[in-house]
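Step one of this worksheet: look at the structure below.
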Amino acid sequence: RDVGYNMVLIQECIGINRTAEGILIPDPSKFPSGLSALVEHIHSLDLRAGIYTDVGPKTCAEYVGSFGFEEIDAKTFIDEWKFDFIEEDNCFYVATN
């Protein structure tokens, strides 16, 4: 914050799978304390926290995307993990009728 930043975006390479209920499972090797703890830490620094996802079934780096799970992911990101905003990419977009 002292150098002018007011947000941190967790960009790409986040989800490795989904639970049976469809909830995104973050990579535990990258987020050993979980994303809620990371967001809490970011907020303790008086910064906003954002998370990345993709409209397709995979992200640009071929991690798990949000296609078919948009509502679940939005609720998880905002309500459960307490992110302030979501960045959504368009790799592997699936056209639907």
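Numerical summary
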| item | result |
| --- | --- |
| Helix 35-44 axis, angle to the chain major axis (alpha carbon atoms, nearest 10°) | 30 degrees |
| Net lengthening on full extension, S36/C60 (0.36 nm per residue, minus Cα-Cα) | 6.3 nm |
| Size of electric dipole in the chain: Cβ of Lys, Arg +1 and of Asp, Glu -1, about Cα centre, debye, nearest 20 | 160 debye |
| Environment charge at K58 (Cβ cut-off 13 Å; Lys +1, Arg +1, Asp -1, Glu -1) | -3 |
| Orphan Cys of the chain, criterion: no other Cys C-beta under 4.7 Å | C13 |
| Under-5 Å amide H pairs with D54, H placed in peptide plane, nonlocal only | S66, D89 |
| Fraction of alpha-carbon pairs over 24 Å apart in the stretch 5-93 - percent | 13 percent |
| Share antiparallel - DSSP beta bridges, the chain, percent rounded to 5 | 30 percent |
| About the Cα centre, charge dipole magnitude for the stretch 51-97 (Lys/Arg +1, Asp/Glu -1 at Cβ), debye | 100 debye |
| Residues in the stretch 35-63 reached by a label modelled at K82 [backbone nitrogen below 13 Å; 7 Å Cα→Cβ] | 35-49 |
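Just so you know, all these numbers are worked out from the coordinates, no wet-lab data involved. Being a predicted model, the structure only gives us computed values, none of them experimental. Here the Cβ is made from the backbone with ideal geometry for all residues, glycine too, and neighbour counts use every protein chain on show.
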